[in-house]
Amino acid sequence: MPSRWAQRLVDLNVTRLTQKDLAGADYVFVSAMIVQRDSARSMLARCKPAGVKVVAGGPLLRALELD
(Lines give C-alpha, C1' and ligand atoms only; values in the text may rest on other atoms or scores of the structure.)
Protein backbone atom coordinates (compact mmCIF):
# COMPACT_ATOMS: atom_id res chain seq x y z
CA MET A 1 0.00 0.00 0.00
CA PRO A 2 1.22 3.51 -0.66
CA SER A 3 3.06 5.07 2.27
CA ARG A 4 0.72 8.09 2.15
CA TRP A 5 -2.21 5.88 3.23
CA ALA A 6 -2.95 5.84 6.94
CA GLN A 7 -2.95 2.25 8.19
CA ARG A 8 -4.11 0.76 11.44
CA LEU A 9 -3.82 -2.85 12.57
CA VAL A 10 -6.36 -4.35 14.94
CA ASP A 11 -5.32 -7.89 15.83
CA LEU A 12 -8.52 -9.63 16.91
CA ASN A 13 -6.46 -12.34 18.59
CA VAL A 14 -5.44 -9.86 21.29
CA THR A 15 -8.02 -7.03 21.24
CA ARG A 16 -11.63 -6.29 20.39
CA LEU A 17 -12.83 -4.48 17.28
CA THR A 18 -14.71 -1.33 18.28
CA GLN A 19 -17.29 0.70 16.43
CA LYS A 20 -14.73 3.54 16.47
CA ASP A 21 -12.31 1.27 14.57
CA LEU A 22 -14.94 0.64 11.91
CA ALA A 23 -16.08 4.27 11.74
CA GLY A 24 -12.55 5.34 10.80
CA ALA A 25 -11.98 2.63 8.19
CA ASP A 26 -12.34 2.79 4.43
CA TYR A 27 -11.47 -0.89 4.09
CA VAL A 28 -11.06 -3.89 6.38
CA PHE A 29 -8.53 -6.50 5.36
CA VAL A 30 -9.08 -9.90 6.93
CA SER A 31 -7.24 -13.20 6.82
CA ALA A 32 -8.49 -16.07 8.91
CA MET A 33 -7.98 -19.75 9.52
CA ILE A 34 -10.81 -22.27 9.75
CA VAL A 35 -10.71 -22.25 13.57
CA GLN A 36 -11.40 -18.49 13.42
CA ARG A 37 -14.56 -18.92 11.34
CA ASP A 38 -17.04 -17.68 13.96
CA SER A 39 -14.92 -14.67 14.85
CA ALA A 40 -14.41 -13.77 11.18
CA ARG A 41 -18.12 -14.16 10.43
CA SER A 42 -19.01 -11.90 13.37
CA MET A 43 -16.51 -9.25 12.27
CA LEU A 44 -17.71 -9.34 8.67
CA ALA A 45 -21.32 -8.99 9.83
CA ARG A 46 -20.34 -5.77 11.60
CA CYS A 47 -18.59 -4.32 8.53
CA LYS A 48 -21.61 -4.42 6.22
CA PRO A 49 -23.95 -2.17 8.24
CA ALA A 50 -20.98 0.14 8.96
CA GLY A 51 -20.53 0.55 5.19
CA VAL A 52 -16.93 -0.65 5.28
CA LYS A 53 -15.61 -2.54 2.26
CA VAL A 54 -13.87 -5.85 3.02
CA VAL A 55 -10.88 -7.49 1.38
CA ALA A 56 -10.73 -11.10 2.56
CA GLY A 57 -8.38 -14.02 2.07
CA GLY A 58 -6.46 -16.70 3.88
CA PRO A 59 -7.01 -20.37 4.62
CA LEU A 60 -10.64 -19.92 5.72
CA LEU A 61 -11.73 -18.37 2.45
CA ARG A 62 -9.71 -20.87 0.46
CA ALA A 63 -11.44 -23.75 2.29
CA LEU A 64 -14.85 -22.25 1.55
CA GLU A 65 -13.91 -21.93 -2.10
CA LEU A 66 -13.17 -25.67 -2.22
CA ASP A 67 -16.55 -26.65 -0.70
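The values are calculated or read from the model by the stated rules, or taken from the named source; none is laboratory data. Source: prediction; values computed, not measured. So basically every Cβ, Gly included, is an ideal-geometry build from the backbone, and we count neighbours across all protein chains shown. Heads up: the accessible areas ignore ligands, DNA and RNA and are worked out on the full protein's heavy atoms, side chains in. Shrake-Rupley method; radii C 1.70, N 1.55, O 1.52, S 1.80 Å.
Structure notes:
- Summed side-chain charge close to SER42 - residues other than SER42 whose Cβ falls under 15 Å, Lys, Arg +1, Asp, Glu -1: +3
- Surface composition of the chain: carbon plus sulfur atoms contribute 54% of the solvent-accessible area (1.4 Å probe, protein chains only, all chains present).
- Over the chain: helical MRE at 222 nm, DSSP H runs n ≥ 4 each giving -39500 (n - 2.57), nearest 500: -11500 deg cm²/dmol
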